[in-house]
Amino acid sequence: MQIIEVADPAEAAAFAADLIEEHAPRVLGAATGATPEPLYRLLVARQRLAPTTTVCLLDEYIGLPVGHRQRYRHVIEAQLVNPLGLTVVAPDVDAIDPTAACRRYEDALVELGGIDLQILGIGRNGHIGFNEPGTSFDTVTHVVELAATTRADNARCFDGLSGVPTHAITQGIANIRRAKRIVLIAFGRRKANAVSAMLGGPVSTASPASALRDHRDLVVIADREALTQRNIIQSHSFGTA
Ligand code: GLP
């Protein structure tokens, strides 16, 4: 694992964009949320991703009407896919049988040959995608009930908490671990506990992101605030990174 401390989101975006362009992923896994937005803006501005790149969604809410501005497919299309003329692959959250839709998404990922590079954020509770604390590390794409903290955090994107869906489809932790490269980005003090648990706490389902710690090609890009707790945990119980 490589930990890159950056000054701000712009520096994180520049570092991540260089890395992504250098590896030229055929299949790019894309997270949503505020964190990767500067990165997507930069990738669009530079226009260096091959138009043959396929972008796979990490997760998607269930129950939002087609055209809703918070449908992650719509968000990723608007922020990354359409401006660069890429192809997007997403789980079918409108399917009558969401479990069957998860299986079809798994098949699609296999057919693509897996994710070459996965961009990730992290939830305040340590979630990756919508894999909430307690999720087994061997899960593949599945339907999740969102944690109360996740719904509360994401309420800012809706007209209040009642508008936030209760369920979603997410790639599982096993999918994310299978990605050939992972770039996880975190900013701000509100992510410090999640980042410290990921980097220095026990590898445990209590911290879904800790499942990535032994990944062979993981780059964590974070600002000083997100890394503040890390030194405390390391010096008390975990030695060096
Ligand atoms: C959301 C997404 C995650 C994202 C996380 C953090 O719930 N499902 O993929 O990483 O929350 O979001 P933000 O970057 O806005 O803090």
Exercise for review: Out of 81, 44, 66, report the one residue that is away from the ligand (no atom under 14 Å from the Cβ) and modelled with pLDDT under 95.
Suggested key: 66
Exercise for review: Consider only pairs whose beta carbons are under 7 Å apart and that are at least six residues apart or on different chains; among these, list those whose first residue lies in segment 43-59 and is at positive phi and whose second residue is assigned to a helix (DSSP H, G or I).
Suggested key: 47/84
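Kindly evaluate residue 232 against the criterion of being at pLDDT below 95 and of a type in the set (A, V, I, L, M, F, W, C).
yes
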Review point. When you look at residue 135, is it among the polar types (S, T, N, Q) and in a helix (DSSP H, G or I), yes or no?
Key: no
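Could you tell me whether segment 24-31 includes any residue that is out of contact with any Gly (no Cβ under 6 Å at 6 or more places or on another chain) and over 22 Å from residue 110 (Cβ atoms)?
no
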**Study point:** Every residue from segment 105-132 that is assigned to a loop (DSSP other than H, G, I, E, B), within 16 Å of the ligand (Cβ to nearest atom) and not acidic (Asp, Glu)
**Key:** 115, 121, 122, 123, 124, 125, 126, 127, 129, 130
Check your understanding: Within the set of pairs 6 or more residues apart or between chains, which connect a residue that is in contact (Cβ under 8 Å) with a residue 40 or more places away in the chain inside segment 140-160 to a residue that is in a helix (DSSP H, G or I) and acidic (Asp, Glu) with Cβ atoms less than 8 Å apart?
Key -> 141/106
Check your understanding: List, please: which pairs have Cβ atoms under 7 Å, are six or more places apart or on different chains, and start with a residue in segment 27-40 that is within 18 Å of residue 179 (Cβ to Cβ) and end with one that is within 7 Å of the ligand (Cβ to nearest atom) and part of a loop (DSSP other than H, G, I, E, B)?
Key -> 29/58; 30/58; 31/58; 31/121; 33/121; 35/121; 36/121
Practice item. Identify, by number, the condition in (1) closer than 24 Å to residue 65 by Cα; (2) surrounded by 15 or more Cβ atoms within 10 Å (Cβ to Cβ); (3) more than 13 Å from the ligand (Cβ to nearest atom); (4) not acidic (Asp, Glu) that residue 144 doesn't meet. Key: (3)
Check your understanding: Got a sec? Which of 4, 96 is farther than 25 Å from residue 172 by Cβ and either of a type in the set (Lys, Arg) or away from the ligand (no atom under 16 Å from the Cβ) (or both)?
Key -> 4
Exercise for review: Please find, within segment 148-204, the residue that is nearest to residue 217 (Cα to Cα) out of those that are within 15 Å of the ligand (Cβ to nearest atom) and of a type in the set (S, T, N, Q).
Suggested key: 175
Check your understanding: Taking segment 167-200 only, how many residues are in a helix (DSSP H, G or I), more than 20 Å from residue 117 (Cβ to Cβ) and without any contact (Cβ under 8 Å) to a residue 40 or more places away in the chain?
Key -> 3
Check your understanding: If only one of 158, 137 is surrounded by fewer than 24 Cβ atoms within 10 Å (Cβ to Cβ) and touching a helix residue (DSSP H, G or I) at 6+ places or on another chain (Cβ under 6 Å), which one is it?
Key -> 137
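The values are calculated or read from the model by the stated rules, or taken from the named source; none is laboratory data. Note that the structure is predicted; figures quoted are calculated from it, not measured. Here Cβ is always computed from backbone atoms with ideal geometry, including for glycine, and neighbour counts include all displayed protein chains.
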